[in-house]
1. For LYS64, go through the lysines and keep the ones whose alpha-carbon is under 24 Å away, minus same-chain ones fewer than eight residues off.
2. In square nanometres and to one decimal, what's the mean projected area of the convex hull around the Cα atoms of the stretch 27-96?
3. What list do you get for SER303, SER249 if you sort them by fewest beta carbons within 10 Å?
4. Count neighbours as other Cβ atoms within 10 Å of each site's Cβ, and list the trypsin sites (Lys or Arg not before Pro) in the stretch 151-215 that are DSSP loop with at most 16 such neighbours.
5. Ranked by Cβ crowding within 10 angstrom, fewest neighbours first, how are THR92, THR274 ordered?
6. Which whole-number percent gives the relative contact order of the stretch 157-243, counting Cα pairs below 8 Å spaced six or more residues apart?
7. Give the order of PHE223, PHE165 when sorted by the count of other beta carbons within 10 angstrom, beginning with the fewest.
8. Which one, PRO75, PRO60, LEU91, projects farthest toward the positive side of the charge dipole computed for the stretch 27-96 from Cβ point charges (K/R +1, D/E -1)?
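Readers should treat all values here as calculations from the given coordinates under stated rules, not as data from a laboratory. Just so you know, these numbers come straight off a predicted model, no measurement behind them. Cβ placement follows ideal geometry from the backbone for every residue including glycine, while neighbour counts extend to all protein chains displayed.
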Amino acid sequence: MKLKNLVVILVSLIFVLPLLDTRTTSQNYIIQFATAAVNRNKIRQHLAGCQGDIIRSYAPGYSKYRWYEIRINQPDLLPRIIKKLREEYQLTYVAPVTPVKLSATANDPYFLTGQQNYFKRLGIEAAWNNQAGSDRIKVAVIDTGIDSLHPDINNIFLNKKEIPFDSIDNDNNGYVDDIRGWNFINENNYTDDDNGHGTHVAGIIGATTNNQIGIAGAAGGGFEIDGKKRRGVILIPLKTANKRNQHGSNIVIAKAVDLAVNYGAKIINLSLQTTAINPIEKDPLYQSLSQAARQGVILIAASGNTDDPHYANLDNWSHYNLLTNHPDVIAVTATEVI
């Protein structure tokens, strides 16, 4: 299958939040040590000195060392804590968590229909004559989930290696009963969309085409090619945000990227934007993206969209756009003129 036919349309809307700093009353940080011999209880004792704690940790299979996300409630005391951790445990990386925020999407019932004009401008009807999608291709949608009951989305991922609801991690990937992806916000297998953004993005990618319902997905199948009706791409919901404006950190997004690769995704669509301090190569999400690219996964992210002329110029940003600064990520933008 020609994956390039699918790439040009994996477009999502994004909005950027600035990095938090030590002037806030509470701040999350990502840290990593240059040793695997780390005593978690000792770390917690040090963090207690600034009313902090470990929020989560993550040890990707391609790294010898574990990442920790910590919360500090007295950021002014952080330098003293960092000094102690460096002395005792070879602390090598400290960075503030970069919040992720999704853009708003219109709820006007004619909004999506009107946007179908961009498919015509891209000449997608000619592409459909050759390739309209394939159920051999899995596309991971790292977003707010996907509406499993949506009448126009009929190709949501089913993990056949997992036995439903037996409370056992049958496929040994670290996630119990992950039948249809994973919810990284609530740490469970409920990946339905309570926001709408993820379903919107998934629809653009893989809503069933040529079925007289809703919109036409770019790779949703539905056409007969060589006498055989084609199915669309398989959509993997990986939920990293929800309707209450709760969003995952870069560690959470990194875990979603790694799980997408574990599921066999050929394309990962990140309908979000996040930032990192320099050098961004040490960020956990950056490293997960690099690992996915080494395994041949196509990575898609939006470059940004705003009416603010200051932020429209990326040179004005005071932080690094992690996704679009990654050499293996295809940055997609939008234009009113094609």
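1. Hits, sequence-local ones excluded: LYS42, LYS83, LYS84, LYS255, LYS282.
2. Taking a quarter of the hull surface, the average projection is 4.1 nm².
3. With the sparsest Cβ surroundings first, the list reads SER303, SER249.
4. LYS160, LYS161
5. By the 10 Å Cβ count, ascending: THR92, THR274.
6. About 25 percent, as a whole number.
7. Ordered by Cβ neighbours within 10 Å, fewest first: PHE165, PHE223.
8. PRO60
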